[in-house]
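Here's the structure we're looking at; comments come further down.
The values are calculated or read from the model by the stated rules, or taken from the named source; none is laboratory data. This structure is a prediction, so every number in the text was calculated from the model and none was measured. No Cβ is skipped: glycine too gets one built from the backbone with ideal geometry, and neighbour counts run over all protein chains shown.
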Number of protein chains: 2
Amino acid sequence: MQSEHEQTVGHLGEKAVLARIFTALAGSSTAEIGPGDDAAVLAAPDGRVVVSTDTLVHGPDFRLAWSTGFDLGWKSAAVNLADIAAMGARPTALFVALALPVDTDVAFVEELARGLRNACDELADGCAVEGGDLTASDTLTIAVTAVGVLDGRAPVLRSGARPGDVVAVAGTLGAASRGLALLFDRFRDAVGTPVPVDEARLDATERVDLAAQLRPTPPVALGPVAAAAGATAMMDVSDGLLLDATRMADASEVTLALAPGLDEAALRGGEDHALLACFPSDRPLPDGFRAIGVLAARADAAVTIGGTPATGHLGWDPQRDWDARRG
Amino acid sequence: MQSEHEQTVGHLGEKAVLARIFTALAGSSTAEIGPGDDAAVLAAPDGRVVVSTDTLVHGPDFRLAWSTGFDLGWKSAAVNLADIAAMGARPTALFVALALPVDTDVAFVEELARGLRNACDELADGCAVEGGDLTASDTLTIAVTAVGVLDGRAPVLRSGARPGDVVAVAGTLGAASRGLALLFDRFRDAVGTPVPVDEARLDATERVDLAAQLRPTPPVALGPVAAAAGATAMMDVSDGLLLDATRMADASEVTLALAPGLDEAALRGGEDHALLACFPSDRPLPDGFRAIGVLAARADAAVTIGGTPATGHLGWDPQRDWDARRG
């Protein structure tokens, strides 16, 4: 029998850990040249690719007491798939830079690989991990780069929204931030240190919110649907609806007028990775999208709620808000 | 006047830090859609792209006492450009996931951006930073993903080498590891903590070696040249010639027979990011490459030196060797 120590990535070494990861990912590659060489070769049938990168860092983005390896693999895939979808593109490949403490159990790494794979299978069929990098770090870090294709369509930017367009969202708003609040409020000890989640202490709604935080399910397939339906602008809601809507309004030089009725979690909570999109008002919204406002000519305020300018803490700033979120 | 604290990324916040980075990169983008949206859109004229990712982590990969922000930006670009070149491809874009301690000075981040930009300008004209991600972390981490194009050529893999081919390299071997040894031997205090480099304590050769470690200059432009010249296999030498040659020999199922004469630093030292390539023996090597061996039918040993199987510590394992390199 092997001791626990012998199952750490530091003891096993790079080659053995990569072999475990490759086993977890086996058969999923769809690339012309997949993992294992200096670089992968991906098809770009219409002569363009869409590329984005997003990182999860232990501390500001997750706590190991709350997230499993599977959760982290899933979430690191999902947040990147959402960025590709937000361009109206279809994700085809993920590249994963994994920086691991040397005492990380290899079983955790295998679960992380399975989480990446399952998120691709369930959210973006045909997309797979096609490469990556493994290094040692004191801070567990997962930096994912996602690549997608446009299938001949034009990309949908943040800057294309026009006065008169309908503002719509697909996916949940607020659940992930309620899930985060549950973790901070209910699963820390007396001195604030995270403790493992006991699902028995959660009701059904709370479990849904927690799942939205740990394993978000952005509507990735609706990105190309929105593009095909004529979306004039689109982005994913990663840092909070008001903050991201402000970015879209500024990029498009319009005022985004939200209807009243959205609660505080929906307005200011991040990490759901819903799709925020604008559509011409003269045709029906595609299935999966619901109207939440309209666009007006640019006024002083970038975003209004029921006619009143949005104020206060609009959303999440990973640099400035990090200390405030320490457990 | 602002206090020092007010120039940290934690105080300034994401938006202000991104603005500084964008200023440092201004005018460099060559993409259809560059930084600032959910994702970039890159041209892929021949219907394929080449993608690779590689990470620098504070501790195993660099020490802030020894590397400037410029050095880190340069090196994180260079090592990724080398991976694209090693496929015979031409780099077109970098994506940079930057995880920064909140007390990082914004001037350091601006220097890092300038290092990224200068490395692209000098090593891979036309390539630029086209996107990225900024997050907080206790451990400074730079994960770069590079994208390139093949201009209609087939990718050059590790697995295409054939018995009878000539083994050649372009670029330096051993200088970067001599530079690392200089840092560990000469620029640590009595208890082993890194101290800033005093160039006055180095002779001209040592300065070249140190520069190879801190700001490597892989022969990126020679990747496509090698492909056009009929290279049968290629990779970059990142972890040590013997270790990387073993990987190529195993992938191609051949034995790589090195001529005698390479010193220990050239054989076992990593991080030069030279290009190791195999060419048909019936034509001249392209300019910039020099022969270092030949390929034979696979025997027991993957790599031989003057006919003797290579043994010992072949190169660098980031998981297993991390503790041994602690300063």
Query raised in the report: Hey, does the range B:209-220 have a residue that's at pLDDT 95 or above and farther than 20 Å from B:THR68 by Cα?
Result: yes
Query raised in the report: In the set B:ALA78, B:ALA26, B:ALA65, B:ALA44, which member is under 21 Å from B:PRO218 (Cα atoms) and among the hydrophobic types (A, V, I, L, M, F, W, C)?
Result: B:ALA78
Query raised in the report: Among (1) free of Cβ contacts under 8 Å to residues at least 24 places away in the same chain; (2) surrounded by 15 or more Cβ atoms within 10 Å (Cβ to Cβ), which single condition is A:GLU199 missing?
Result: (2)
Report task. Taking A:ARG247 as meeting all but one of (1) within 21 Å of A:ALA85 (Cβ to Cβ); (2) outside any helix (DSSP H, G or I), write down the number of the exception. Result -> (2)
**Report entry** Qualifying residue in the range A:258-269 (condition: within 17 Å of the chain's Cα centre (by Cα) and assigned to a loop (DSSP other than H, G, I, E, B))
**Finding:** yes
Report summary line: Reported set for the range A:118-134 where residues are surrounded by fewer than 24 Cβ atoms within 10 Å (Cβ to Cβ), of a type outside the set (S, T, N, Q) and assigned to a helix (DSSP H, G or I) is A:ASP121, A:GLU122, A:LEU123
Report task. Output yes when any residue across the range B:25-32 is in contact with a Gly (Cβ under 9 Å, 6 or more places away or on another chain) and surrounded by 24 or more Cβ atoms within 10 Å (Cβ to Cβ), and no when none is. Result -> no
Query raised in the report: Within the bounds of the range B:204-213, is there any residue that is of a type in the set (Asp, Glu) and under 21 Å from the mean Cα position of the chain (by Cα)?
Result: yes
Query raised in the report: What is the residue count in the range B:71-91 for residues that are surrounded by fewer than 23 Cβ atoms within 10 Å (Cβ to Cβ) and either closer than 18 Å to A:ALA143 by Cα or over 15 Å from the mean Cα position of the chain (by Cα) (or both)?
Result: 0
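If I go through the range A:152-170 residue by residue, how many of them are within 14 Å of another protein chain (Cβ to nearest Cβ), touching a helix residue (DSSP H, G or I) at 6+ places or on another chain (Cβ under 9 Å) and either on the phi > 0 side of the Ramachandran plot or assigned to a loop (DSSP other than H, G, I, E, B) (or both)?
Counting residues in the range A:152-170 that are within 14 Å of another protein chain (Cβ to nearest Cβ), touching a helix residue (DSSP H, G or I) at 6+ places or on another chain (Cβ under 9 Å) and either on the phi > 0 side of the Ramachandran plot or assigned to a loop (DSSP other than H, G, I, E, B) (or both) gives 6.
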Query - Output for the range B:17-37, where each listed residue is closer than 21 Å to A:LEU314 by Cβ and free of Cβ contacts under 8 Å to residues at least 60 places away in the same chain - result: B:ALA19, B:PHE22, B:GLY36, B:ASP37
**Report entry** Subset of the range A:243-296 (residues that are out of contact with any strand residue (DSSP E or B) (no Cβ under 6 Å at 6 or more places or on another chain) and hydrophobic (A, V, I, L, M, F, W, C))
**Finding:** A:LEU243, A:ALA251, A:LEU262, A:ALA265, A:ALA266, A:LEU267
Report task. Return the total of residues in the range A:197-230 being among the small types (Gly, Ala, Ser) and either under 15 Å from A:ALA82 (Cβ atoms) or not assigned by TED's automatic domain parsing to the domain that holds A:GLY269 (or both). Result -> 5
**Report entry** In the range A:119-137, the residues that are under 17 Å from A:ALA211 (Cβ atoms) and in contact with a Gly (Cβ under 8 Å, 6 or more places away or on another chain)
**Finding:** A:ALA119
Report task. Provide a single number: the residues in the range B:121-136 that are farther than 16 Å from B:ALA24 by Cβ and facing chain A (nearest Cβ under 7 Å). Result -> 3
Query raised in the report: Restricting attention to the range B:220-231, which residues are within 14 Å of chain A (Cβ to nearest Cβ) and either among the small types (Gly, Ala, Ser) or assigned to a loop (DSSP other than H, G, I, E, B) (or both)?
Result: B:VAL220, B:GLY223, B:ALA226, B:ALA227, B:ALA231
Query raised in the report: Restricting the first residue to the range A:300-312 and requiring it to be without any contact (Cβ under 8 Å) to a residue 24 or more places away in the chain, which pairs with a second residue that is crowded, with 20+ Cβ neighbours inside 10 Å meet a Cβ separation below 8 Å and a spacing of at least six or different chains?
Result: A:PRO309/A:VAL303
Query raised in the report: Here are A:THR141, A:THR145, A:THR193, A:THR135: which of them is at pLDDT below 95, in contact with a strand residue (DSSP E or B) (Cβ under 6 Å, 6 or more places away or on another chain) and either outside the structural domain of A:PRO91 (by TED's automatic domain parsing) or within 23 Å of A:VAL79 (Cα to Cα) (or both)?
Result: A:THR135
Query - Qualifying positions in the range A:199-217 - touching a Lys or Arg at 6+ places or on another chain (Cβ under 9 Å) and part of a loop (DSSP other than H, G, I, E, B) - result: A:LEU202, A:ARG215, A:PRO216
Requested in this report: Spot the failing condition for A:ALA181; the list is (1) within 22 Å of A:ARG90 (Cα to Cα); (2) surrounded by fewer than 23 Cβ atoms within 10 Å (Cβ to Cβ); (3) within 19 Å of the chain's Cα centre (by Cα), and only one is missed.
Outcome: (1)
Query raised in the report: Quick check: anything in the range B:171-182 out of contact with any Asp or Glu (no Cβ under 9 Å at 6 or more places or on another chain) and small (Gly, Ala, Ser)?
Result: no
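Each row is one residue, and each column tells you yes or no for (1) closer than 27 Å to B:VAL41 by Cα; (2) within 16 Å of the chain's Cα centre (by Cα).
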residue: A:LEU12; (1), (2): no, no
residue: A:PHE22; (1), (2): no, no
residue: A:THR30; (1), (2): yes, no
residue: A:GLY47; (1), (2): yes, no
residue: A:HIS58; (1), (2): no, yes
residue: A:PHE62; (1), (2): no, yes
